[in-house]
Amino acid sequence: MRLLSALGYEEARSGKTGGSRRRFVHASAPIISLHKPHPGNIVKMYVIDDVMRVLTEEGLL
C-alpha cells in the first residue's frame, strides 16, 4: 500500500504473512494487518476507515 510506505511502514516479509494476509510494520506505530483484496484490487471502505483511524491516532496523518 503506497500510503503506508510513504508514512514509514514496510511490508513484513517474514513470519506468518502467507496467503492473502499482509502485515505492515513501523518503527514507532502499531502493526497494521490487512487482507490483500481479491478477486480485484479494490480495498473495502471499512478497511480504509480502520487504517485511517490508526494513522490518525498515531499522529501520522
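The values are calculated or read from the model by the stated rules, or taken from the named source; none is laboratory data. The shown structure was predicted, so the numbers you read here are calculated from the model rather than taken from an experiment. Cβ placement follows ideal geometry from the backbone for every residue including glycine, while neighbour counts extend to all protein chains displayed. The protein model used for the area step is the full one, side chains on, heavy atoms only, and it has no ligands, DNA or RNA in it. Shrake-Rupley method; radii C 1.70, N 1.55, O 1.52, S 1.80 Å.
Among the residues of region 37-47, those that are of a type outside the set (A, V, I, L, M) and open to solvent by less than 50 Å² (accessible area, probe 1.4 Å) comprise Pro37, Gly40.
Quick grid of which residues meet (1) open to solvent by 70 Å² or more (accessible area, probe 1.4 Å); (2) over 13 Å from the mean Cα position of the chain (by Cα):
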{"site": "Tyr9", "(1), (2)": "no, no"}
{"site": "Ala12", "(1), (2)": "no, no"}
{"site": "Ala27", "(1), (2)": "yes, yes"}
{"site": "Ile32", "(1), (2)": "no, no"}
{"site": "Asp49", "(1), (2)": "yes, no"}
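Quick check on region 9-16. Is at least one of its residues of a type in the set (A, V, I, L, M) and in contact with a strand residue (DSSP E or B) (Cβ under 9 Å, 6 or more places away or on another chain)? Yes, some residue in region 9-16 is of a type in the set (A, V, I, L, M) and in contact with a strand residue (DSSP E or B) (Cβ under 9 Å, 6 or more places away or on another chain). Among the residues of region 7-61, those that are among the polar types (S, T, N, Q) and not in a strand (DSSP E or B) comprise Ser14, Thr17, Ser20, Ser28, Asn41, Thr56.
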